[in-house]
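**Q** Sharing a structure with you now.
Read-outs: derived from the displayed coordinates by stated rules, not from any lab. Note that the structure is a prediction, hence the values are computed from the model and not measured. Here Cβ is always computed from backbone atoms with ideal geometry, including for glycine, and neighbour counts include all displayed protein chains.
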Amino acid sequence: MNILENLNWRYATKRMTGEGIDKEKTATILEAIRMAPTSLGLQPFKVLVIENKEIREKMKPVCFDQPQITESAYVLVFAVYKDNYTQLADDYINLVAKTRNQSIESLEDYKNRIMYYITGKDNTAWAARQAYIAFGFGLATAAMLHVDTTPMEGFNPEELDKVLDLENKGLKSVVIMAVGKRDANNDYLVNLPKVRKAEEDFFIHL
Ligand SMILES: Cc1cc2nc3c(=O)[nH]c(=O)nc-3n(C[C@H](O)[C@H](O)[C@H](O)COP(=O)(O)O)c2cc1C
């Protein structure tokens, strides 16, 4: 199957069978998410991988009782750093120095630019945009592997943060990806064609 066939194969799955996902495919999806680019390279978010059924049962009511939370194989919760961006920048510079065998001093200008960008403001909206890029990488990679997903914003973030104790982890939830196998017998969406704007209504060629 080619790329566009795979993207057409995927859909926001409403009902899943509860079956597990091949470990290698899961590893590929997670790695694609980790490899996604982020502004300044900071990766200002974390991804919680939640297979535990008990936790997902607790999540379900604050996710408007959407069945995919418990019918999936696992859910990925993308959560941005609430604060401490200075520490995040420090850690990043240290990681660059170690990974590329460079001195911290040689990265001083770069560090200053990062600090200028992140200091004195609420960075969480910016961080959420970075998380969504990785989220998209995950959705597309899953489609290429014929793994079903549901992108989900239908949840109460404050309540979910309490269920997952995110406050104490310095995090705030922004979006969820349920990962699993479509229940073709019970999902009304499974055979419906995609609804998308026509090319001429969508692209502006200048
Ligand atoms: C960020 C985001 C949040 C979404 N939230 C939900 C959700 O909470 N529950 C749900 O069933 N679908 C959700 N959707 C699915 C969209 O309704 C769906 O992607 C859109 O209608 C296009 O259909 P398709 O993904 O099946 O091609 C969400 C999609 C995105 C991208």
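**Q** I'm trying to understand the selection: among the residues of the range 44-93, which are out of contact with any helix residue (DSSP H, G or I) (no Cβ under 9 Å at 6 or more places or on another chain), without any contact (Cβ under 8 Å) to a residue 24 or more places away in the chain and not acidic (Asp, Glu)?
**A** Asn52, Gln87 - these are the residues of the range 44-93 that are out of contact with any helix residue (DSSP H, G or I) (no Cβ under 9 Å at 6 or more places or on another chain), without any contact (Cβ under 8 Å) to a residue 24 or more places away in the chain and not acidic (Asp, Glu).
**Q** While we're looking at this one, here's another question. Here are the criteria: (1) without any contact (Cβ under 8 Å) to a residue 24 or more places away in the chain; (2) within 20 Å of the chain's Cα centre (by Cα); (3) assigned to a helix (DSSP H, G or I). Tell me which single one Glu200 does not satisfy.
**A** For Glu200, the failing item is (2).
**Q** State whether the residues of the range 92-104 include one that is within 22 Å of the chain's Cα centre (by Cα) and within 16 Å of the ligand (Cβ to nearest atom).
**A** no
**Q** Report, by residue number, each residue of the range 140-154 that is near the ligand (Cβ under 8 Å from one of its atoms) and either acidic (Asp, Glu) or buried (at least 16 other Cβ atoms within 10 Å of the Cβ) (or both).
**A** Of everything in the range 140-154, those that are near the ligand (Cβ under 8 Å from one of its atoms) and either acidic (Asp, Glu) or buried (at least 16 other Cβ atoms within 10 Å of the Cβ) (or both) turn out to be Thr150, Pro151, Met152, Glu153.
**Q** Answer yes or no: is there a residue in the range 196-206 that is surrounded by fewer than 11 Cβ atoms within 10 Å (Cβ to Cβ) and under 22 Å from Gln43 (Cα atoms).
**A** no
**Q** Could you count how many residues in the range 152-169 are in a loop (DSSP other than H, G, I, E, B) and either touching a residue at least 60 places away in the same chain (Cβ under 8 Å) or among the hydroxyl-bearing types (Ser, Thr, Tyr) (or both)?
**A** Result for the range 152-169: 5.
**Q** A further question on this structure: Can you pull out every residue in the range 167-206 that is among the aliphatic types (A, V, I, L, M) and farther than 25 Å from Thr141 by Cβ?
**A** Passing the criteria: Ala198, Ile204, Leu206.
**Q** Tally up the residues in the range 172-185 that are over 14 Å from Val49 (Cβ atoms), part of a strand (DSSP E or B) and more than 13 Å from the ligand (Cβ to nearest atom), please.
**A** 1
**Q** Can you confirm whether Leu171 is hydrophobic (A, V, I, L, M, F, W, C) and touching an Asp or Glu at 6+ places or on another chain (Cβ under 9 Å)?
**A** yes
**Q** I've got another one for you. Being touching a strand residue (DSSP E or B) at 6+ places or on another chain (Cβ under 6 Å) and more than 17 Å from Asp161 (Cα to Cα) is the filter here; which residues of the range 52-87 pass it?
**A** Scanning the range 52-87 gives Gln68, Glu71, Ser72, Ala73, Tyr74.
**Q** Could you give every pair whose Cβ atoms fall below 6 Å, whose first residue belongs to the range 4-21 and is on the phi > 0 side of the Ramachandran plot, and whose second residue is among the charged types (D, E, K, R) and away from the ligand (no atom under 11 Å from the Cβ), counting only separations of at least 6 or pairs across chains?
**A** Gly18/Glu71
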